[in-house]
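Down below is the structure, laid out as structure tokens.
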Amino acid sequence: MTTMTLTTTRRTAWPVGLGLGSAAGAALVVAGVWNALVQEHVTVSSPPMVGPQTPPLQTMQAQYRWYATTVPQERSATILGLIGVAGLVLLTVELRRRLRDAPVGRGACTAVQAAGTVWIVGALAAMGGHRSVALMATHDNPVQTVNVVAFTTDMTSDAFNAAAFVLLAVGMLGVATASYGGPRWRALTVLTGLLAAVVAYGYVASVDSVTTYELGLLAAVLQPIWLVWTGRLLDRSEPTD
């Protein structure tokens, strides 16, 4: 009589981690660089030059009509950012499963997911508000009304961004407390969290240089590296539940 022995192969990898991290990281790199180029008027025209004798309302009209020409690029960069942040949320969901024995790390992963969700909501609201500003500015609406809509949109967007980066900072620093990924990965996680805290300060204090350059460094360098590295770790490590 022949005896058959059945063997089972246990999956030790989450095979989409590196692909997802790479795609999300690439989207953030392009979004971060593109946003900085728009803010520095490299890929868009420079603001109109107006003389000191130009009436204030005419100056505002010229500024908002110029701003309307920058909105398409701003929107495209934001869409890429949405893709990257969505990838961050998805990777963190899987990372949370791996930190079963690290309650602080699991809670920190939830904070990162909340950060991504808050940023996505704020970005979508800002896209709608800025499109409204562009359409109103180019269709002969009262410039005072355009200014009110623009101011409200920007203040709301800054509030969402500040909250998102505070949550991201707390989440990343908390994730770094877990015994996962090795010391270099944890050091990168800490650095990412600290820079997120600086960006949050930039939004709270309305420091444009911080929300342009430090945000660009975070979005185009540190966070993409973290995403790719984390995706690779998730592919190689064993799920815990």
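Let me confirm something: among THR59, THR78, THR54, THR70, which residue is over 30 Å from SER22 (Cβ atoms) and assigned to a helix (DSSP H, G or I)? Exactly one of THR59, THR78, THR54, THR70 is over 30 Å from SER22 (Cβ atoms) and assigned to a helix (DSSP H, G or I), namely THR59.
Collect the residues in segment 207-231 that are of a type in the set (S, T, N, Q), touching a helix residue (DSSP H, G or I) at 6+ places or on another chain (Cβ under 7 Å) and over 18 Å from LEU91 (Cβ atoms), keeping them in residue-number order. Passing the criteria: THR211, THR212.
Hey, does segment 137-145 have a residue that's more than 22 Å from THR211 (Cα to Cα), out of contact with any strand residue (DSSP E or B) (no Cβ under 8 Å at 6 or more places or on another chain), buried (at least 18 other Cβ atoms within 10 Å of the Cβ) and at pLDDT below 95? Yes: segment 137-145 contains one or more residues that are more than 22 Å from THR211 (Cα to Cα), out of contact with any strand residue (DSSP E or B) (no Cβ under 8 Å at 6 or more places or on another chain), buried (at least 18 other Cβ atoms within 10 Å of the Cβ) and at pLDDT below 95. Within segment 66-84, the set of residues being more than 15 Å from ASN35 (Cα to Cα) and surrounded by 18 or more Cβ atoms within 10 Å (Cβ to Cβ) comprises ALA68 only.
Looking at this structure, is VAL38 in contact with a helix residue (DSSP H, G or I) (Cβ under 7 Å, 6 or more places away or on another chain) and either more than 19 Å from VAL166 (Cα to Cα) or without any contact (Cβ under 8 Å) to a residue 12 or more places away in the chain (or both)? So VAL38 passes the test.
Please determine, by comparing only the residues of segment 197-207 that are touching a residue at least 40 places away in the same chain (Cβ under 8 Å) and in a helix (DSSP H, G or I), which one is surrounded by the most Cβ atoms within 10 Å (Cβ to Cβ). In this case the residue turns out to be TYR203. Would you say THR177 is farther than 30 Å from LEU99 by Cα and open to solvent by 20 Å² or more (accessible area, probe 1.4 Å)? For THR177, the condition - farther than 30 Å from LEU99 by Cα and open to solvent by 20 Å² or more (accessible area, probe 1.4 Å) - is not met. Condition check: assigned to a helix (DSSP H, G or I) and buried (at least 20 other Cβ atoms within 10 Å of the Cβ). Does LEU124 satisfy that? When the stated conditions are applied, LEU124 does not pass them.
The single residue among ALA164, ALA205 that is within 30 Å of ALA62 (Cβ to Cβ), among the small types (Gly, Ala, Ser) and under 20 Å from the mean Cα position of the chain (by Cα) turns out to be ALA205. The set of residues in segment 38-55 being under 35 Å from the mean Cα position of the chain (by Cα), farther than 25 Å from GLY216 by Cα and surrounded by fewer than 11 Cβ atoms within 10 Å (Cβ to Cβ) consists of MET49 alone. Among the residues of segment 184-191, is there at least one that is open to solvent by less than 50 Å² (accessible area, probe 1.4 Å), aromatic (Phe, Trp, Tyr) and not in a helix (DSSP H, G or I)? So far as segment 184-191 goes, no, none of its residues is open to solvent by less than 50 Å² (accessible area, probe 1.4 Å), aromatic (Phe, Trp, Tyr) and not in a helix (DSSP H, G or I).
The values are calculated or read from the model by the stated rules, or taken from the named source; none is laboratory data. Quantities reported herein were computed from a predicted structural model and do not represent experimental measurements. For neighbour counting, all protein chains shown are included, and Cβ atoms are generated from backbone atoms with ideal geometry for every residue, glycine included. In case anyone asks, the SASA skips ligands and DNA or RNA and just uses the protein heavy atoms, side chains included. Shrake-Rupley method; radii C 1.70, N 1.55, O 1.52, S 1.80 Å.
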